[in-house]
Each structure stands twice: as C-alpha cells, then as structure tokens.
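Student: Supplied in structure tokens, the structure appears directly below.
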Amino acid sequence: MNEAALRNIGPMPVEISHDEFKARQQRLTSQLRPEDVLILCAAEESTHSNDVHYPFRTMSDMLYFVGWSEPEAIFVLRCVDGSWVSTLFVQPKDTLKEIWEGRRPGVEGALENWPIDEAHSKDDWTNLLSSYIEKSHRILLRTGVREDVDEFIREAIDRRDRSRQHFGTGPVSLEDPSSRISELRLRKSPAEIEQMRFASDVSSYAHVAAMRHSRPGRMEYQFQSTIEGFFVYAGTSGWAYPSIVGCGDNATVLHYKENNDVCEDGEIILIDAGAEFRGYAADITRSWPINGKFSDAQKEIYQLVLDAQYAAIDCCRVGQEYTAPHEAARKVLAEGLIELGIIEQTLEEALDPETGDLRKWYMHNTSHWIGLDVHDVGIYKPNGKPRLLEEGMCLTVEPGLYFGAWRPDVDCPKRYANLGIRIEDDVLVTSGEPDVLTSACPKTIEEIESITGNAF
C-alpha cells in the first residue's frame with residue numbers, strides 16, 4: 001500500500017534555488033540602511049538526557065534566507081563599499097566528531113554549496129563580528145536564541161570608548177528584525193508552494209493509511225505510528241508538530257497529547273497530524289468512526305462541521321479579510337446547532353463572542369498561517385484591522401465541534417456526548433479559486449466510509 005501511495009504522490013520537487021535565496025536576502029537588505037548589520041542565529045543542540053541530544057531543527061528564518069540546517073550557525077548581512085555581503089559562520093570540519101556524529105559541510109562546503117558570499121568557522125565569530133559592527137549604527141538581531149551572541153551585542157552597544165567619541169562608530173541601537181522578515185515569509189513563492197504541496201500530499205496519504213487500518217481495539221499510538229511512519233517512508237523529515245491522536249472523549253481535548261488509549265467500537269477518532277518537508281509544514285485534521293460507519297448523531301455533527309469548512313474555504317480569496325473564513329464557519333456552525341436544538345439562542349445571540357453559546361462547543365479560531373512554521377509568522381491585524389488576503393498566502397481552515405461530557409462548565413447533550421469533530425485543510429490563496437493543498441485527503445462521509453477499515 002505504501003508503494004501505491006508513493007506513486008500517487010509523485011516525485012519530490014526540486015530544491016529551492018540559490019537565486020531565490022539571494023533574492024530573499026536582497027528583499028530584506030532593500031529595507032535596511034548601509035550602516036545596519038543583520039544577524040540571524042541558529043540555536044545549539046539541546047540535551048535530551050546525559051549525552052543524547054534532541055533531534056535538531058534550526059530556526060525557520062535561517063532556512064528561509066540560507067537553507068542551512070546545521071546547529072550553531074550565525075548568518076550576517078552587512079554593507080561593504082555600497083554592496084551587501086552575506087556571511088555564514090558554521091561548524092568546521094572535525095574528523096573525530098564526524099566519525100561519531102556524521103559528516104559536516106564545513107567552511108569549504110558552505111561556501112561552495114550555499115547562497116552566501118563568505119564562510120568562516122563558528123570559532124571565529126567573535127573577532128570577525130567585532131570588525132563587522134565596528135562601523136555600524138544599528139544591529140538587527142532576534143534575541144533569545146543564542147545567549148552568548150545577545151550578550152556580545154549588548155556589550156558592544158553599551159561600550160563607550162574614545163574611538164567611538166572621536167569617530168562616531170559602533171552600534172548604538174538594537175532592533176528585532178522579526179516583523180520585517182515575517183512580511184517577507186507571509187507570501188509564498190511558487191517554489192515554496194511546491195515544497196508545501198509535497199508535504200501536504202504525503203500527509204494526506206498518511207491519513208488515508210490510518211483510515212484503512214482502522215478497527216476497534218487498536219491503540220491511539222498505533223494510528224500515530226502508521227501516520228508518522230509513512231511521513232518518513234515517503235521522504236519527509238517526519239512530523240511538523242507532535243501528532244494529536246484522540247479517540248472518544250480524548251477527541252474533545254484540543255491539544256491532546258498522550259495518544260495511549262484504546263479505540264472502542266462506536267467511537268470517533270480525531271487525528272491532527274502533518275509532515276515537514278525541507279522545513280515546510282503540512283497540517284491536516286480528520287475525524288472518522290473507528291468501525292467505519294458513522295452513527296446518525298455522528299453524521300449530524302460531522303456534516304455540520306464539513307459544511308462550515310466548505311463555507312470558510314470559499315472565503316480564502318484575494319481581498320477578503322483574514323477573519324472572513326472564521327466568521328463564515330461560525331455562522332454555519334451556529335445555525336446548525338440551533339437547528340439541532342443544541343443552542344436555544346437566536347443566531348445573533350449565539351454568535352456573540354462573550355455570551356454566545358457557540359463558544360461552549362467551538363472555542364478556537366478557524367485559521368492560522370502555515371509555512372516554515374506550522375503556526376507561521378505574519379501579523380493578523382496590522383494597524384489593528386484584519387489583514388486582507390493576498391495571492392501566495394497560505395492558511396489552515398479547521399472548524400470543529402467538541403462535546404466533552406467530562407466538562408463541568410457545560411451541560412453536554414447526551415446524543416452527542418464525548419463526540420469531537422475537527423476537519424482541517426491547508427489552503428493557498430490564488431488569483432482565482434482557493435487551492436486546497438491537502439485535497440488528496442478524503443473528507444466526505446461517503447469517502448471516509450468507503451475507505452475506513454479497507455486495508456487493500
């Protein structure tokens with residue numbers, strides 16, 4: 001089955017070109033002054049236990065501008081004689097460490113195979129960075145990533161010496177470049193979209209594999225292993241975020257993480273899982289009956305959530321406010337819950353964000369940006385007003401309803417007790433119709449019932 005799925009997915013897209021990385025750097029430097037120095041840091045590895053490290057994943061900004069994924073790197077942009085120069089500090093070649101931990105590109109490999117002008121050993125960053133910032137006025141640095149770099153820059157700004165007094169050289173201010181970078185990352189290029197489409201296809205077929213292996217008595221972690229195993233089998237780096245696999249009342253916990261319960265006959269399983277490919281995330285949620293057949297009550301809630309999602313996706317168009325998908329989903333959900341007798345308020349009353357009863361059963365937003373981070377960067381309300389959607393923006397659409405009978409704050413209707421439904425897809429805003437990147441993942445009642453439990 002895995003091989004058949006791979007044929008449906010197709011080949012991996014080409015990697016993002018050096019020209020595109022260079023263009024990204026240039027778009028950033030066009031916003032800077034010649035006396036600015038921009039610094040991006042990759043974190044050091046973190047210890048899991050004793051001498052075992054957590055799997056390393058670099059900062060997304062480093063991936064965006066350089067594509068460099070090794071730890072301890074420092075990327076610098078500075079202006080020299082009117083031209084911007086890119087410099088990367090990297091782990092040097094070290095035969096003994098490479099024998100134990102894997103080969104490193106080193107300085108030579110970085111200079112030859114990455115979109116930079118200069119490369120140096122990480123061991124030389126203090127001396128060279130001192131010379132880079134000697135004539136600067138402003139440092140652009142996101143603090144909190146590397147404490148040693150933060151302290152170095154603070155000391156450089158605080159330093160008062162005779163040279164600075166005579167010549168007015170040396171940094172005098174520090175700025176976080178995150179908002180500038182976020183604006184660049186918010187609109188995806190065609191090459192980025194291809195990486196995301198591949199991650200979405202892999203994630204879609206991973207969910208299909210889980211559906212096909214559904215049967216009462218399986219454990220939540222067995223579904224998790226099916227999905228995450230396929231992520232790796234298909235050539236991605238694994239999950240983009242820890243998978244949520246909740247059955248029965250666990251499906252009513254939004255960020256359920258234990259994934260260790262048995263899935264009983266008659267229950268709905270909710271799986272929120274997505275792969276990461278070359279740093280780019282997919283984010284899919286599907287909900288389906290463990291035994292392969294929706295009950296009447298499950299159908300009522302599932303179809304309502306699906307209708308809300310369709311309405312929200314239709315709002316993912318150029319010129320629409322970012323909040324439009326959320327408002328569309330809320331309206332459909334409120335109308336449906338009123339019709340089912342679950343809400344006894346008027347539509348206007350039900351939709352009130354403070355006192356409306358919709359918030360009892362639907363308590364999260366419908367969308368978030370997605371890209372190099374699963375909850376990607378980008379301001380939602382610049383200047384206090386909802387951002388208008390533009391071509392190239394990518395967002396999730398994920399309405400849901402959650403009837404947790406365990407909750408002391410609500411009187412849960414018995415017909416829907418412990419039923420949790422969420423349906424999530426990743427949507428690209430285009431010049432025309434919304435492009436659902438995760439469309440290969442089935443979601444109608446008929447599709448799901450035809451697949452669930454059918455291993456072959």
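Student: What number of residues within segment 350-368 are outside any loop (DSSP other than H, G, I, E, B) and surrounded by 22 or more Cβ atoms within 10 Å (Cβ to Cβ)?
Tutor: Within segment 350-368, residues that are outside any loop (DSSP other than H, G, I, E, B) and surrounded by 22 or more Cβ atoms within 10 Å (Cβ to Cβ) number 3.
Student: Let me ask you something else. Hand me the list of strands (runs of 3 or more DSSP E) wholly inside segment 386-456 holding 1 or more residues that are in contact (Cβ under 8 Å) with a residue 12 or more places away in the chain and more than 16 Å from Ile284 (Cβ to Cβ).
Tutor: Counting at least 1 such residues, we get 400-403, 419-422.
Student: Is there a residue being under 21 Å from Glu183 (Cβ atoms) and among the β-branched types (Val, Ile, Thr) anywhere in segment 38-51?
Tutor: Within segment 38-51, one or more residues are under 21 Å from Glu183 (Cβ atoms) and among the β-branched types (Val, Ile, Thr).
Student: Let me ask something else about it. If you check Arg422 against the conditions, is it charged (D, E, K, R) and in contact with a Leu (Cβ under 8 Å, 6 or more places away or on another chain)?
Tutor: Yes: the conditions hold for Arg422.
Student: Restricting attention to segment 288-318, which residues are closer than 17 Å to Ala417 by Cα and hydroxyl-bearing (Ser, Thr, Tyr)?
Tutor: Result: Ser295, Tyr302.
Student: So, in segment 1-23, exactly how many residues are closer than 18 Å to Trp68 by Cβ and buried (at least 19 other Cβ atoms within 10 Å of the Cβ)?
Tutor: Final tally of qualifying residues: 2.
Student: Please determine, by comparing only the residues of segment 275-334 that are among the acidic types (Asp, Glu) and outside any strand (DSSP E or B), which one is surrounded by the most Cβ atoms within 10 Å (Cβ to Cβ).
Tutor: Of everything passing the filter in segment 275-334, Asp283 is surrounded by the most Cβ atoms within 10 Å (Cβ to Cβ).
Student: Only one residue in Ser200, Ser136 is crowded, with 17+ Cβ neighbours inside 10 Å, small (Gly, Ala, Ser) and under 30 Å from Leu270 (Cβ atoms). Which one?
Tutor: One residue alone meets the criteria, Ser200.
Student: Ok, one more. Quick check on Glu98: is it among the acidic types (Asp, Glu) and surrounded by fewer than 13 Cβ atoms within 10 Å (Cβ to Cβ)?
Tutor: The answer is no for Glu98.
Student: Within segment 94-207, considering only helices (runs of 4 or more DSSP H) that don't extend past its boundaries, which have at least 2 residues that are over 25 Å from Phe56 (Cβ atoms) and of a type in the set (Lys, Arg)?
Tutor: Counting at least 2 such residues, we get 162-167.
Student: Please note which strands (runs of 3 or more DSSP E) are completely contained in segment 1-82 and include at least 2 residues that are at pLDDT below 95, over 30 Å from Ala209 (Cα atoms) and not assigned by TED's automatic domain parsing to the domain that holds Asp123.
Tutor: none
Student: May I ask you to say which residue of Val232, Val245 is part of a helix (DSSP H, G or I), hydrophobic (A, V, I, L, M, F, W, C) and either within 19 Å of the chain's Cα centre (by Cα) or over 24 Å from Trp361 (Cα atoms) (or both)?
Tutor: Val232
Student: Yes or no: segment 160-173 includes at least one residue that is surrounded by 14 or more Cβ atoms within 10 Å (Cβ to Cβ) and at pLDDT 95 or above.
Tutor: no
Student: Considering only residues that are touching a strand residue (DSSP E or B) at 6+ places or on another chain (Cβ under 6 Å) and not acidic (Asp, Glu), look in segment 373-385 and name the one that is surrounded by the most Cβ atoms within 10 Å (Cβ to Cβ).
Tutor: Selected residue: Gly378.
Student: Could you tell me whether segment 348-364 includes any residue that is within 24 Å of Ala240 (Cα to Cα) and of a type in the set (Ser, Thr, Tyr)?
Tutor: no
The values are calculated or read from the model by the stated rules, or taken from the named source; none is laboratory data. Please read these numbers as outputs of a predicted model, since none were measured by experiment. A quick note on method: Cβ atoms are made from the backbone with ideal geometry, for glycine too, and the neighbour counts reach across all protein chains shown.
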